[in-house]
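I have placed the structure first, in the form of structure tokens, so that the comments after it can refer back to it.
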Amino acid sequence: MAKDRTVSTEAVSRALGHRTTRTTELYYGRIRPQSSFAEFDQAFAALVMCVSK
């Protein structure tokens, strides 16, 4: 649920007490499509804002 709310893998990993983010990714790192698209939208919206200035 944290990943769906854009919490970084690093933050989730620390909260769960994992030594590395690899452990977190193996068990909890599944990205749901809607989360992926939201992240892309956010990244490209920022790019568009920079180019349009």
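The values are calculated or read from the model by the stated rules, or taken from the named source; none is laboratory data. In this text the structure is predicted, and so the values were computed from the model without any measurement. Please note: Cβ atoms are built from the backbone with ideal geometry, for glycine as well, and neighbour counts cover all protein chains shown.
Looking for whichever is at pLDDT 70 or above and under 12 Å from the mean Cα position of the chain (by Cα) here; the options are Ala11, Ala15, Ala45. Which one fits?
Details: Ala15 fails: under 12 Å from the mean Cα position of the chain (by Cα); Ala45 fails: under 12 Å from the mean Cα position of the chain (by Cα).
Among Ala11, Ala15, Ala45, only Ala11 is at pLDDT 70 or above and under 12 Å from the mean Cα position of the chain (by Cα).
Report the residue count in region 4-18 for those that are in contact (Cβ under 8 Å) with a residue 24 or more places away in the chain and not charged (D, E, K, R).
Pass one, region 4-18, residues in contact (Cβ under 8 Å) with a residue 24 or more places away in the chain: 4, 6.
If we keep only those that are not charged (D, E, K, R) as well, we get 6.
Here the count works out to 1.
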